[in-house]
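Please treat every number below as a calculation from the coordinates, not as lab data. Worth saying up front: this structure is predicted, and the values here are computed from it rather than measured. Here the Cβ positions follow ideal geometry from the backbone for every residue, glycine too, while neighbour counts run over all protein chains shown.
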Amino acid sequence: MVKVCIVVLLVAAIVLIGWPIAIYNKLVTLRNRFKNAYGQIDVQLKRRYDLIPNLVEVAKAYMGHERQTLEAVIAARNVAASANTAAAAQPADANAIRAVAGAESQLTGALGRLFAVVESYPNLKANEQMTQLSEEISSTENRVAFARQAYNDSVLQYNTARQVFPNVLLANTFGFTEAPLFNIDANAPEREAVKVKF
C-alpha cells in the first residue's frame, strides 16, 4: 500500500512539474518561430528599401518636373524603413507592427503614384535600368506578400497555442502575451499590389 502511494505521488509530481515545462517549451518554440518569420519580412522589406533610391535616381533624370512625387517616395521609404527597424527589434509589439503596416501602406501609395507618373514619360518607360528596377520591385513585392503570410500563419499558430486549454492557464503567467498579426487596413492602397506596367 505504501509503495502504491509513493508511486502515485511520484507520478503526480512528474505530471505537475513536467506539464508546465512542456507548455513553456512549446510556447517558446512557437514564439521563436513567429519572430523568425518577421525576420523574413524584414529581409524582404530591406531589399525593397534598397531598390527604391535607385528607382528614384533613374526616374529623376527624366522627371525633373515631378520632384514632389520623387520626394514623397523617398520620404515614405524613410518612414517605412524606420518603422520596420523598430518592428524587427520587437516583433511581438503590436504597436510596432501596426506602425510598420501603416508606413508600408503609405510607401505603396507613393510608389503607385510614381509608377502612374512614369506612364507619361515614354523615354523613362523604355529605359533598361528602369525596367529592371521595376521588375525587381515587383518581384520583391511578391516576396514580401509571401513573408507576411508566413508570419501571420506563425502568429496564428502561436496565439492559438497560448489560448487553448490547459495552456491558457499558464501562458500569461509565463509572460506569453498575444502576438500581433501583420494586418493591412481594408481601405489601404497596399491591399492592391504595386502595379508596374511598361
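What length, rounded to one decimal in nm, is gained on full extension from LYS26 through to ALA86, with 0.36 nm per residue of separation minus their alpha-carbon distance?
Residue separation times 0.36 nm, minus the Cα-Cα distance, leaves 19.0 nm.
Roughly how far apart, in whole Å, are the Cα centres of region 26-104 and region 135-149?
12
Residue farthest toward the positive end of the dipole of the chain, with Cβ of Lys/Arg at +1 and Asp/Glu at -1: which of LEU51, PHE146, GLN90?
The one lying farthest along the dipole's positive direction is GLN90.
What ranking, highest mean first, results for peptides 64-76, 133-145, 10-22 when packing means the other Cβ atoms within 10 Å averaged over each residue?
Most protected by this proxy first, the peptides run 133-145, 64-76, 10-22.
Over all alpha-carbon pairs of the chain, lay out the pair-distance distribution in 10 Å bins, whole %, shortest bin first.
Pairs per bin, as whole percents: 9, 29, 24, 15, 10, 7, 4, 2, 1, 0.
What FRET efficiency comes out for ALA75 versus GLN157 if R0 is 41 angstrom and r is the Cβ-Cβ distance? Round to the nearest 0.05.
Values: r = 36 Å, r/R0 = 0.89.
Between ALA75 and GLN157 the formula returns 0.65.
Please give the peptides 77-90, 166-179 ranked by average Cβ packing (other Cβ atoms within 10 Å per residue), highest first, as a rough proxy for protection. Write out the running numbers ahead of the final one.
Values: 77-90: 17.9, 166-179: 14.9.
Top of the packing list down: 77-90, 166-179.
Find the relative contact order for the chain and round it to a whole percent, using C-alpha pairs within less than 8 Å whose residues are 6+ positions apart.
Relative contact order, the chain: 32 percent.
If you place +1 on the Cβ of every Lys and Arg, -1 on the Cβ of every Asp and Glu, and leave all else neutral, what size is the dipole of the chain about its Cα centre, to the nearest 20 Debye?
So the magnitude is around 620 debye.
Provide the net charge surrounding ALA161, with neighbours chosen by a C-beta distance below 15 Å and charges set as Lys +1, Arg +1, Asp -1, Glu -1.
Numbers: positive: LYS26, ARG31, ARG33, LYS35, ARG162; negative: ASP153, GLU178.
So the surrounding residues net to +3.
Using a Förster distance of 35 angstrom, determine the FRET efficiency expected from the C-beta separation of ASP93 and SER120, and round it to 0.05.
Once rounded, the FRET efficiency stands at 0.25.
Going 7 Å from the Cα of GLN132 along its beta-carbon direction, which residues of region 58-75 have the amide nitrogen within less than 13 Å of the resulting point?
58
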